[in-house]
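Participant: One structure is given below, represented as structure tokens, and several questions about it will come after.
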Amino acid sequence: MSEKTSASTVAKAHGKFLRGSASKVRRVLDQIRGRTYRDALIMLEFMPYRSTDPITKVLRSAVANAENNLGLDPSSLIITTATADSGPSMKRYRPRAQGRAFAIKKQTCHISIAVSASSELLNTEEKN
């Protein structure tokens with residue numbers, strides 16, 4: 001399979017400036033990386049973390065891109081890459097005793113998810 005063919009079957013989606021720490025988002029992304037779309041949705045549904053909602057939105061967007069732009073079947077998609085990079089921190093201040101102010105950094109992150117058709121299905125399509 002050529003690199004050009006494999007690159008054309010990859011659909012991506014990005015979520016930028018999402019509230020939450022990149023390290024807390026990565027622990028969820030590590031669990032779903034390499035899984036099928038259906039398995040990943042089931043896992044995200046039952047995980048107890050706050051970051052699963054924005055991850056689910058980005059994952060659904062990537063699958064919608066694959067379906068609409070590339071004509072791929074959602075049941076055949078596998079999550080190939082899932083990354084979380086840190087974004088800019090919002091600086092806020094908390095008042096403290098004796099007129100002092102403590103800085104609070106509210107972290108943001110950028111989530112990137114790429115999905116592609118499973119390799120078994122691609123191999124059978126090439127033979128036909």
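Participant: Which condition does A97 not pass, out of (1) closer than 23 Å to S118 by Cα; (2) surrounded by fewer than 18 Cβ atoms within 10 Å (Cβ to Cβ), if it passes all the others?
Facilitator: Only one criterion is unmet by A97, namely (1).
Participant: On to the next question. Based on this model, can you work out whether I55 counts as farther than 18 Å from L18 by Cα, aliphatic (A, V, I, L, M) and within 11 Å of the chain's Cα centre (by Cα)?
Facilitator: no
Participant: Restricting attention to the range 92-115, report how many residues are in a strand (DSSP E or B) and either small (G, A, S) or under 27 Å from the mean Cα position of the chain (by Cα) (or both). Write out each step before concluding.
Facilitator: Initially, the range 92-115 is screened for residues in a strand (DSSP E or B), giving 92-95, 101-106, 108-115.
In the following step, the residues that additionally are either small (G, A, S) or under 27 Å from the mean Cα position of the chain (by Cα) (or both) were identified as 101, 103-106, 108-115.
Here the count works out to 13.
Participant: Would you check if there is a residue in the range 2-16 being touching a residue at least 24 places away in the same chain (Cβ under 8 Å), assigned to a loop (DSSP other than H, G, I, E, B) and touching a Leu at 6+ places or on another chain (Cβ under 7 Å)?
Facilitator: The answer is yes, given that some residue of the range 2-16 is touching a residue at least 24 places away in the same chain (Cβ under 8 Å), assigned to a loop (DSSP other than H, G, I, E, B) and touching a Leu at 6+ places or on another chain (Cβ under 7 Å).
Participant: If A114 satisfies all but one of (1) small (G, A, S); (2) in contact (Cβ under 8 Å) with a residue 24 or more places away in the chain; (3) touching a Pro at 6+ places or on another chain (Cβ under 7 Å), what's the number of the condition it fails?
Facilitator: So the condition that A114 fails would be (3).
Participant: Report, ordered by the first and then the second residue, all pairs with beta carbons closer than 8 Å, sequence separation of six or more or different chains, a first member in the range 20-48 that is over 16 Å from T81 (Cβ atoms), and a second member that is acidic (D, E) and part of a helix (DSSP H, G or I).
Facilitator: Listed pairs, sorted by first residue: none to list.
Participant: What about R50, is it exposed (fewer than 13 other Cβ atoms within 10 Å of the Cβ) and part of a loop (DSSP other than H, G, I, E, B)?
Facilitator: Yes, satisfied.
Participant: Still on this structure, I have one more. Does A82 meet the test of being assigned to a strand (DSSP E or B), under 16 Å from the mean Cα position of the chain (by Cα) and not hydroxyl-bearing (S, T, Y)?
Facilitator: yes
Participant: Here is a follow-up. Please state which of the following conditions V25 fails to meet, knowing it meets all the rest: (1) out of contact with any Cys (no Cβ under 6 Å at 6 or more places or on another chain); (2) among the aliphatic types (A, V, I, L, M); (3) modelled with pLDDT of 95 or more; (4) part of a helix (DSSP H, G or I).
Facilitator: Failed condition: (1).
Every residue, every condition in (1) under 15 Å from S116 (Cα atoms); (2) among the hydrophobic types (A, V, I, L, M, F, W, C), yes or no:
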| site | (1), (2) |
| --- | --- |
| Q31 | no, no |
| I42 | no, yes |
| E67 | yes, no |
| G71 | yes, no |
| S89 | no, no |
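Participant: Also: For residues that are aliphatic (A, V, I, L, M) and not in a helix (DSSP H, G or I), scanning just the range 62-79, find the one that is surrounded by the fewest Cβ atoms within 10 Å (Cβ to Cβ).
Facilitator: Restricting to residues being aliphatic (A, V, I, L, M) and not in a helix (DSSP H, G or I), the top hit is L70.
The values are calculated or read from the model by the stated rules, or taken from the named source; none is laboratory data. Please read these numbers as outputs of a predicted model, since none were measured by experiment. Backbone-built Cβ (ideal geometry, glycine too); neighbour counts: all protein chains shown.
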